[in-house]
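The values are calculated or read from the model by the stated rules, or taken from the named source; none is laboratory data. Computed from a predicted model, the values in this text were never measured in an experiment. With ideal geometry, Cβ positions are generated from the backbone for all residues, glycine too; neighbour counts draw on all protein chains shown.
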Amino acid sequence: MSASPSILLVGFQDQDNLGLRYLMSAVRQAGFGAAIATYQSNPAPLVARVLRERPEVVGFSLIFQYMAPDFGRVIRALRDAGVTAHITMGGHYPSFDYAEVLRRIPEVDSIVRFEGELTLIELMRKIAAGDDWRTVQGLAYHDEDRCAANPLRPSVKDLDSLPWPDREDVDYSVQDLPTASMLGSRGCPWDCSFCSIRPFYEAQEGPLRRLRRPEEVVAEMVALYRERGVPVFLFQDDDFLGGGKRARDWACAIADGLVVEGLAGKVAFKVSCRSDEIHEDCMQRMIAGGLTHVYMGVENGDPQGLLNMSKRIKPEQHLRAGKILKGLGLSFDFGFMLLDPYSTFGMVRNNIDFLEEFVGDGWSVASFCRMLPYAGTPVKAKLESEGRLLGTPFEPDYRFLDPKLDLFYDWMLETFHTRNFTSRGLCHVLKSLLFEARLRLPERSGCTDFERSYAKHLTAVANGLAVYTLRAAIDHIEETPLQDLQRDRGFLRQLALHEQEEESRLMREVADFYWSVRQRPRDRVEEVPDVGGFDKSWTLAESLAS
Amino acid sequence: MPNTDLESIAQRLDRIEQLLTHRPGPGPIVDPGPEDTVRSGAHASAVHLPSLPHRGDPPPSDIARLSRQEVQDQLHQVNAEVVRLQSLGKMLNERLGQLKEG
């Protein structure tokens, strides 16, 4: 690494942040110095580092739309401290909403829109040569009192032409269970209404999904295993099995490659996909290569809800996929939106029933949220056209069609926030527990059949309690006139307290069980500390150790 | 004579009263946890098996006197225990099925 990097890339480091690491390797290969700094809301460490190292460019990776104001504050602190470096920004949100970001954070010089490697290299070259960087394709910037955006460049045709992501500064050896993220492809062929992945890659008019060569993917995994001691891999591909038989053959080729390299039983990996892409024969081949966990974009359990989301799938297909995965003993998680802008009471009820049928047995953790109209998504455009888009560009909001559902959602968010969305909540902890209990790494997983069974029981209780609480709330809200609900919240308040009390009780049991399996000192059983919303580590053990 | 009869009756009433008001000494408030279902004998995992609910409150003596909120609260607690017990029952049934299969 250069002592005085030409670019300092700043972003969250969750699950390696491969977006930043691909950028770093690309600019380094092009001959520039580069380093990565972990984003923090406290600007002081970053300001000190930038003043010390004096990079020519500081590049921010903005993943979460709602974090934009926070990023703005940090960037302002850099300028206030006298930093004159070129400040650029990239990521999904600024790619779509570049004008809003430039307007609200005027200290940003440019925005690298969509796939960033080639645009950033060209920006670096222009700055190094003292040329006008405003001519760079794919860049947005201030142009006097307006925002300008240059035409986009085509996406990278051959992903294997890019160097592997630079992981030089990641110390996997300190991790309890060394885990690396991987990217075998980019893009997704599906057009779900709530998702911006397809619009993101479609903008550059390339193929909807590009695949790396399986042998290249395997070679990167082999290197990480042999040279860095990493046995667990999390594929961050948008849809690992998206694209029919061709995609399944590709996925199986990666698994086969791991077997040929002698890594079967020594490494384990996780992929994300749709439930209608779960085919038993393909799963079995992938398991032979080390598949240990699947994340499924289930999203909804109501036929009309799935139709509204353009998921092009039926609830029965979700159930069928769950049955296959359970039959194969595979651990899985899933995304689920209990409410969307077009929800009715009937649809919410169906979703609750679906959750009970799908994971009432405790095989997987039932967590849930509502659909959010992120930048670049079809649903955001639709809500806008209907005059229903509220909130701010950074924090978009909407009201449900039935005001009583707004009341239900507000209550649900308050009641289940810790459980569903924080690293100290039941969902996070149980997901970690189930993942490790079913980890297909004989050397690493010390769980007995009984312990796996008990972890499932704890999860079933957590799911059952949530389903009961949600049902009780929806029954009460539906049968009570809105005016009465607004006047008297006693029942809902009591229900929330009850749920939280039961969660606390269950959490104590879960923590006790977890540590007894891990044979950790008993004095650490008492409490799961809050480690914030963006855990670098993703296992509970690491959360507790940090 | 009458006095003797009265004393006798008084003694009988005392005994009846004692019987009626007799409270047994401390005993098991809740059922013990189930045995380890994996194997008989000592096993470290046995400590993880859940005990049956500790909420040993007796049914309310007069439900009619509870407020609506109190009844709802009791109902939530009962339903939470039902969820726990159903899950525990499933776990034990699964294990029983495995044992039956040999």
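Results, tabulated for the structure shown:
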read-out: Given (1) within 19 Å of A:D281 (Cα to Cα); (2) among the small types (G, A, S); (3) over 23 Å from the mean Cα position of the chain (by Cα), index of the condition A:A247 fails; value: (3)
read-out: Test: residue in the range A:143-150 that is closer than 28 Å to A:V260 by Cβ, in contact with a helix residue (DSSP H, G or I) (Cβ under 9 Å, 6 or more places away or on another chain) and crowded, with 16+ Cβ neighbours inside 10 Å; value: no
read-out: Top-ranked residue in the range A:412-445 [being surrounded by fewer than 23 Cβ atoms within 10 Å (Cβ to Cβ) and over 21 Å from A:L234 (Cβ atoms); ranked as farthest from the chain's Cα centre (by Cα)]; value: A:E414
read-out: Qualifying residues in the range A:238-276 (those that are among the small types (G, A, S) and not in a helix (DSSP H, G or I)) - the one surrounded by the fewest Cβ atoms within 10 Å (Cβ to Cβ); value: A:G262
read-out: In the range A:203-222, the residues that are more than 22 Å from the chain's Cα centre (by Cα) and either hydrophobic (A, V, I, L, M, F, W, C) or at pLDDT below 95 (or both); value: A:Q204, A:E205, A:G206, A:P207, A:V218, A:A219, A:V222
read-out: Selection within the range A:88-125 - hydrophobic (A, V, I, L, M, F, W, C) and not in a strand (DSSP E or B); value: A:F96, A:A99, A:V101, A:L102, A:I105, A:V108, A:F114, A:L118, A:L120, A:I121, A:L123, A:M124
read-out: Of all residues in the range A:447-503 being surrounded by 15 or more Cβ atoms within 10 Å (Cβ to Cβ) and of a type in the set (K, R), the one that is nearest to the other protein chains (Cβ to nearest Cβ); value: A:K456
read-out: Residue match in the range A:366-387 (condition: surrounded by 16 or more Cβ atoms within 10 Å (Cβ to Cβ) and within 14 Å of chain B (Cβ to nearest Cβ)); value: yes
read-out: Criterion: surrounded by fewer than 17 Cβ atoms within 10 Å (Cβ to Cβ), of a type in the set (S, T, Y) and modelled with pLDDT of 95 or more - qualifying residue of A:S193, A:S161, A:S173, A:S185; value: A:S161
read-out: Candidates B:S87, B:S40, B:S67, filtered to the one that is more than 10 Å from chain A (Cβ to nearest Cβ) and modelled with pLDDT of 75 or more; value: B:S67
read-out: Criterion violated by B:N79 - all others in (1) of a type in the set (S, T, N, Q); (2) modelled with pLDDT under 60; (3) assigned to a helix (DSSP H, G or I) satisfied; value: (2)
read-out: Members of the range B:65-102 found to be surrounded by 14 or more Cβ atoms within 10 Å (Cβ to Cβ) and small (G, A, S), listed by number; value: B:A80, B:S87
read-out: Meets criteria (closer than 17 Å to A:E202 by Cα, modelled with pLDDT of 95 or more and either surrounded by fewer than 16 Cβ atoms within 10 Å (Cβ to Cβ) or out of contact with any strand residue (DSSP E or B) (no Cβ under 6 Å at 6 or more places or on another chain) (or both)) for A:G116; value: no
read-out: Any hit, the range A:313-321, residues being outside any loop (DSSP other than H, G, I, E, B), of a type outside the set (S, T, Y), in contact (Cβ under 8 Å) with a residue 40 or more places away in the chain and surrounded by 21 or more Cβ atoms within 10 Å (Cβ to Cβ); value: yes
read-out: Which listed residue is within 18 Å of A:E56 (Cα to Cα) and either out of contact with any helix residue (DSSP H, G or I) (no Cβ under 9 Å at 6 or more places or on another chain) or surrounded by fewer than 20 Cβ atoms within 10 Å (Cβ to Cβ) (or both), from A:D131, A:D109; value: A:D131
read-out: Subset tally (residues that are over 12 Å from A:F233 (Cβ atoms), touching a Phe, Trp or Tyr at 6+ places or on another chain (Cβ under 7 Å) and either touching a residue at least 40 places away in the same chain (Cβ under 8 Å) or hydroxyl-bearing (S, T, Y) (or both)) for the range A:253-273; value: 1
read-out: From A:R508, A:R524, residue being more than 9 Å from chain B (Cβ to nearest Cβ), more than 27 Å from A:I477 (Cβ to Cβ) and modelled with pLDDT of 75 or more; value: A:R508
read-out: The range A:126-153: number of residues that are over 25 Å from A:L18 (Cα atoms) and part of a loop (DSSP other than H, G, I, E, B); value: 7
